[in-house]
Structure formats: structure tokens, C-alpha cells
Amino acid sequence: MATTVRRSTVTLPVAALGAENPLPPLLPLARTHTVDAGQRAQLPPDMARQTGYAPPPTVLPTRVLDGYGRHRVPTELDALVLESDRLRVTVLPGLGGRVWSLFHKPSERELLYSNPVVQPANFALNGAWFSGGIEWNIGTTGHSTLSCAPVHAGIVPAPDGGRMLRLWEWERLRNTPFQVDLWLPEGSDFLHVGVRVRNPHDRTVPVYWWSNTAVPETEDTRVLAPADETWHFGYDRTLRRMPLPEWEGVDRSYPSRGTFPADFFHELPVEERRWIAALDGAGRGLAQTSTDVLRGRKLFVWGSGPGGRRWQRWLTEPGTPGYAEIQAGLARTQLEHLPLAAGEELTWVEAYGPLAADPELVHGADWRAARAHAAERLEEALGRAELEAAYAAWRGVAEVDPEGPPLAVGSGWGALEVERGGYRLPGTPFRAETMGGEQEPWRRLLHTGVLPVPDRELPPGPTLVAPEWREVLEAADADAYARYVLDYHLGVAQWHAGDRSQAVRSWERSLGHTPNWPAQRCLAVAAAREGDAERAAERWLSAYRRLGEEWRAGERWTAALAALARETVEGLLAVGRAAEARAVLEGEDGLARLPREVAGRGRFRLLRARVLAALGEREAALEIFGEGFEVDDLREGEEALGETWAALSSEPLPERYDFRMRPA
């Protein structure tokens, strides 16, 4: 059959994302993947340079997604299906363009770990992420801010004249457009993926890319790659070079044999073909390969310890098999960024398909023989020269515009940036009609130099922070009422740029125009970053009191109240003002009472336990743990549950609260 591309749907149990957090994320990223200067000094020169190159200070201009829960209901999701006589590929355009399923027809096998649920968890750079399939990570270290966001999609001619599915979006952390082209060459068992990342600006931008594939994990799953050494990175934030496959008496090529979650960044020799494969006890599984630009290969394991097992269950449902991740990236590790010069682009082709090898060799004691055999089988299935030819052919259609109406529509931010910069981006049309309510005030500001009067009924919208938009804000005009919002947005942009003193002045001017909780909250964050915890606590409490006076029913208002309540309680606890922290949670002393659905969330039950512990009410705090709760937005690597329990009890941490990702 000829390759077809069609719209479809997938019905899965889904936990709704909820409202965006309206508070601008001013604090630095919770950067799990970082190393200190002492460790960098011991790295190879290029790796040392790239690990310290241009880490973004915040996830602005995106917003944090932390309003989800764990109640899942059957939900019909839009899907795009790419199909040939060999493969059926299912893509979810509303969730980052995730490849949800890669089904090999001849063997009747699903090649990916396809999660039977969509359960958001706090793993993405801006919060919500879910596990399974193949995801496209761009921007900076971590799961993309687009993990749970829609992308644009359309049909273009494939290199062999068939049909190809194109996904594209504007990545906002680095202001870079990108595209992902998926096609199925006739007679091939491999999904081909062409990727292009462009820098349309007149300045160099840092780039980052890792394609992340979830694969089924059993006790006998082995991950092979052409490497004798690997860089191990655990949640103790230590990067160390070690031999493959065995280290400290454990064969690390088997994901199930480690204890704690960890990354293994394989050191591929320059001359070797780029590939990685996960094969089961019968020698069957998935192989991923690419042209040489995509240099890095990584294995992520959850480990066999209680924390890793708990996280796996947390991300899916009981009875679901475990999974590991095999990944491919532009650099050797995910701690690095690469410079992309003005007007330049990075392009490559990846391929994903089935691999079958002799299990005796795959699982033999001779590591080099095992990986050499897998490489031979891969070469037979899809030759290196064949993939290079596919790349050359794809380059000829990479700039062809999609045919007909779009199959899916992403955000309007790309269209706004194209309009501002006058960029010409053949192949990835960011149409003006995709702009909506969030973009409209910025579009009017761009063309008139005047900030529109904001809606008094809503918290402030998102702030654009790129250097070009900061210049627009600095030159903008506004009426007496809108001026406080203009100074608020200007302060956010200045803060992101590292000009903290100017940001504070802008927020203070905003307060001078009219007392407002958004600027007051920003000043609280600024005081905390300066080390003035007492002043920060006062600012947070004032902001929360003011918001409570203005609060009204509505999703965005409730999201703002919940987010500010959490920050305020934590700020008060930091300076020993536990009684006032309890007043925030209880709605006492004239403060707003949290809606029942907010107060009942696991995050706020944990905060209540922390407050009770600080007040010396140990039994009441333990009672909350005894009743049971789940912190829906528990962050990857966060240890608040264990720390709170340890302050209350000498008993072992109960299994349901054990999410530890490193040794004690």
C-alpha cells in the first residue's frame, strides 16, 4: 500500500492539565542536570565549555503548568496516523507531536513503550509532562516546554514522492523555529524523521536537542550502543566517566540492574555510526540511528530501588510494564548547549525500526561482540549509506510548504515573532490567523507603541522577554491605568535579562501607580533572591492579602490564589512564622480562604503537615500522613516528602511517599 496520512482519534484515560499558573516563573530552573565549576574543570575541553554555555535563567516567557491532578477520565485525543504496508505510526499533535505508537505490521509488535494513560507529572521544564512514545526535546536541558502543548501539522511530499507528515512550532525559550518530518519509505521497516532547527536572528543562539524514546523494560532487556565508556550522571549531581558495560560489579547495559534512577551518556567514537538499541531476551526490540550531526546517545534507567519503582507506578497505572529511555542528542550529554550562528540551521535524519539479533550474542559476556553483532544486523536492516542518501533526498523537500489546510494548529506565538521580525521561513508557515487573545495585546503594542488597557477582571497575561520585546516595552506608552501593567511586564523582562535592580525599580513604579498584587509578589521573589527572607515574607503576605481582596470565581483567579498561597506559606516557613503560614492555609486573620478543591490537593496537605511540624504539633502532622495524600506536582528529584517525614518520625518512610532518586 502507498503511504497514507490521515486524521484519527485515540481514547485514553487522561488527567486534565488544568489552568496555567499565572505567576511569572522568575526563579532559576530547578536544574537537576548541572555540575559545579570543580567538576567542569575535569571534563574534556569541549564538554567543559558547552556545559557552562548560556543556561537560561528562567523558563520565561512560558508559564508553569501545575494545575493538573490525578483523576483520569476517558478522553478522545486528536491523532494523526502515518501508515504503510510495514508500519503504522500514531502521533498526538495536541501533546507536543509525541509519537504515541510505532507498530510493526509484519511482526505484529508495538516497538515503543506506549503508556495506556496520559498522567501529567512535574518533569517538564515548565511542569507538566507524561511518559511514553517518542518525544522531541528542544530548548534547554530537560523535557521540553512543549511536552503538553499543541504543534502545527500538515502534509508535504516525501523524498520518494509519497506523503510525509510535518510537525513544526516556535520554541520560545531560545526563540527558534523547528520542524520534524516523518515519512515511511516504500518497503522500509524504519520510520524516517528529518529534523531542522533554525536561527532566524542576527545573533548567535544556544541550541539543545534530544529525541527521547521510551522502550519496554524487562529483566532481560539490554541496551547496546557502539561505546566502551559512558558518562554516569545521578541525582547526586555527580558526572563521572566509567567503563561499559560493567561498573562496580553490575552490568549497566541492563536497565533493571541499577538501584537508583540515572543517566548514562555513552561516549561514541567519532568514526562510529550513531545508533542505540534496546533488545529483549529473545534479541528483539527497537533500534534508533541517525546521521552524524546527532552525536550523543543516552540510556536513562529508573532502577530497581523503591523510589524508581514508585515513580514508574506514579506515571502510569498498576500492572503496566516498566520502561527505560534511549535517547539521541546534539551533544555528548544533556548538560551541554551548542552555539548556532545567525541565519544558520542544524539538520539531520533519524530512523526508528525493529531489530532482531542472535540472543546468545546480544546477551553474551563479550560486550564488543554483542554490540558488533547488533551493528551488523542494523546495517543489514538499514545501511548507513542508505540513511545518508535519505538525508540528501529529504533536504530537497525540507523547504516545501505543506499542502492544503493544516492537519493541526499550534500556538500563535510563532506568527507573532514572524510578524515582528519579518522572517521568511519556507516550509514552516506561521500564519497570522493562528494568533489569538494572548498574542493580540503584544501585536497591538508592536504596531502602535501603546499597551492596550488590560482586562480588570483577569490576572495579567504572559510577558514576552526576548531582547527585541524588551526594547518595545521600554519605548512603549500607556494610559494612567495601563501604566502599572506596563511597568510590571517591563520588570519581568528586565529580570529575565539579569538586570535585577532595574526590574525592582520597574515593579516599585508599578506599585506607585496603583497597589497591585502581581508587582508585590515579584518584589517578594526579588527580596528572597537577595537573601532578605524577612522582607520577602512580608511582600508575599501583602501580595496574598491583596489578591484575596480582589479574588473572584474563575479558573485563572483560582490558579493565581493557589500559586501565591503556596509561595507565601513557604516564604513564611523560611523565617519561622509558622502561625502566619497556618493563617494563610486556614483563611484566618482576614486572609482569603482557599477553595475546597485547592485546600484538598496533596501539595497543600503536605504544606499543612510542614506547618504543624513547625508548630510542634507532631501528632497532627503525622495524622495527615496517616490519612494518605498524593502530591500531584511532585518535582523530579524533590525530597520534601522524605524530609518532612524524617522531621516527624524515626520510622522508615512509608512506601507510598518514597520517591527518592538518590542514596540517603
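Within segment 176-194, the set of residues being assigned to a loop (DSSP other than H, G, I, E, B) and surrounded by fewer than 24 Cβ atoms within 10 Å (Cβ to Cβ) comprises Pro185, Glu186, Gly187, Ser188, Asp189. Of all residues in segment 1-37, exactly one satisfies the criterion of being under 28 Å from Arg521 (Cβ atoms) and of a type in the set (Asp, Glu), namely Glu20. Inside segment 407-428, residues that are within 27 Å of Arg63 (Cα to Cα), in contact with a strand residue (DSSP E or B) (Cβ under 9 Å, 6 or more places away or on another chain), crowded, with 17+ Cβ neighbours inside 10 Å and not aliphatic (A, V, I, L, M) make up a count of 6.
Just one of the numbered conditions (1) open to solvent by less than 10 Å² (accessible area, probe 1.4 Å); (2) assigned to a loop (DSSP other than H, G, I, E, B); (3) closer than 22 Å to Ala563 by Cβ is not true of Asp487: (2).
Can you tell me which residue among Gly437, Gly404 is in a loop (DSSP other than H, G, I, E, B), at pLDDT below 95, open to solvent by less than 70 Å² (accessible area, probe 1.4 Å) and farther than 30 Å from Ser107 by Cα?
After ruling out the rest, the residue left standing is Gly437.
Scanning segment 69-77 turns up one or more residues that are in contact (Cβ under 8 Å) with a residue 24 or more places away in the chain, within 30 Å of Arg163 (Cα to Cα), open to solvent by less than 40 Å² (accessible area, probe 1.4 Å) and assigned to a strand (DSSP E or B).
What about Leu425, is it within 29 Å of Asp181 (Cβ to Cβ) and assigned to a helix (DSSP H, G or I)? Step through it out loud before you land on a result.
Numbers: within 29 Å of Asp181 (Cβ to Cβ): yes; assigned to a helix (DSSP H, G or I): no.
For Leu425, the condition - within 29 Å of Asp181 (Cβ to Cβ) and assigned to a helix (DSSP H, G or I) - is not met.
Among the residues of segment 451-461, those that are open to solvent by 80 Å² or more (accessible area, probe 1.4 Å) and either at pLDDT 95 or above or more than 15 Å from Leu473 (Cα to Cα) (or both) comprise Asp455, Arg456, Glu457.
Can you pull out every residue in segment 580-625 that is open to solvent by 70 Å² or more (accessible area, probe 1.4 Å) and in a helix (DSSP H, G or I)? Once the filter is applied, which keeps residues that are open to solvent by 70 Å² or more (accessible area, probe 1.4 Å) and in a helix (DSSP H, G or I), segment 580-625 yields Arg582, Arg596, Glu597, Arg610, Arg618, Glu619, Glu623. When Pro106, Pro55 are checked against the criterion of being over 25 Å from Pro13 (Cβ atoms), assigned to a loop (DSSP other than H, G, I, E, B), at pLDDT below 95 and open to solvent by 40 Å² or more (accessible area, probe 1.4 Å), Pro55 stands alone in meeting it. Exactly one residue out of Arg509, Arg505 is in contact with an Asp or Glu (Cβ under 8 Å, 6 or more places away or on another chain), surrounded by fewer than 18 Cβ atoms within 10 Å (Cβ to Cβ) and part of a helix (DSSP H, G or I): that is Arg509.
For segment 195-290, the strands (runs of 3 or more DSSP E) that sit wholly inside it and include 3 or more residues that are closer than 18 Å to Pro44 by Cβ are 229-234, 239-243, 262-266.
If I filter segment 78-95 down to residues being small (Gly, Ala, Ser) and part of a loop (DSSP other than H, G, I, E, B), which single residue comes out as farthest from Gly554 (Cα to Cα)?
Ser84
Answer yes or no as to whether Thr448 is under 27 Å from Ala553 (Cα atoms) and surrounded by fewer than 20 Cβ atoms within 10 Å (Cβ to Cβ). Reasoning before the result, please.
Working: under 27 Å from Ala553 (Cα atoms): no; surrounded by fewer than 20 Cβ atoms within 10 Å (Cβ to Cβ): yes.
So Thr448 does not fit the description; no.
Being among the acidic types (Asp, Glu), open to solvent by less than 10 Å² (accessible area, probe 1.4 Å) and in contact (Cβ under 8 Å) with a residue 24 or more places away in the chain is a property that holds for Glu171.
Taking the options Glu380, Glu350, Glu360, name whichever one is modelled with pLDDT of 95 or more, acidic (Asp, Glu) and closer than 25 Å to Arg166 by Cα.
Glu350
If I filter segment 128-149 for residues that are open to solvent by 10 Å² or more (accessible area, probe 1.4 Å), more than 14 Å from the chain's Cα centre (by Cα) and under 21 Å from Pro429 (Cα atoms), do I get at least one hit? Looking through segment 128-149, none of the residues is open to solvent by 10 Å² or more (accessible area, probe 1.4 Å), more than 14 Å from the chain's Cα centre (by Cα) and under 21 Å from Pro429 (Cα atoms). Among residues of segment 229-244 that are closer than 23 Å to Trp367 by Cα and basic (Lys, Arg), those with a beta-carbon under 8 Å from a residue that is part of a loop (DSSP other than H, G, I, E, B) and open to solvent by less than 40 Å² (accessible area, probe 1.4 Å) at least six positions away or on a different chain give the pairs Arg241/Glu267. When you check Glu345 against the structure, is it open to solvent by 40 Å² or more (accessible area, probe 1.4 Å), among the charged types (D, E, K, R) and within 19 Å of Asn137 (Cα to Cα), yes or no? Answer is yes for this residue.
I'd like to know if segment 357-373 contains one or more residues that are aromatic (Phe, Trp, Tyr) and in a strand (DSSP E or B). No, there is no match, as no residue in segment 357-373 is aromatic (Phe, Trp, Tyr) and in a strand (DSSP E or B).
The values are calculated or read from the model by the stated rules, or taken from the named source; none is laboratory data. In this text the structure is predicted, and so the values were computed from the model without any measurement. We place every Cβ from the backbone using ideal geometry, glycine too, and count neighbours over all the protein chains shown. These accessible areas exclude ligands, DNA and RNA; they are computed on the full protein's heavy atoms, side chains included. Shrake-Rupley method; radii C 1.70, N 1.55, O 1.52, S 1.80 Å.
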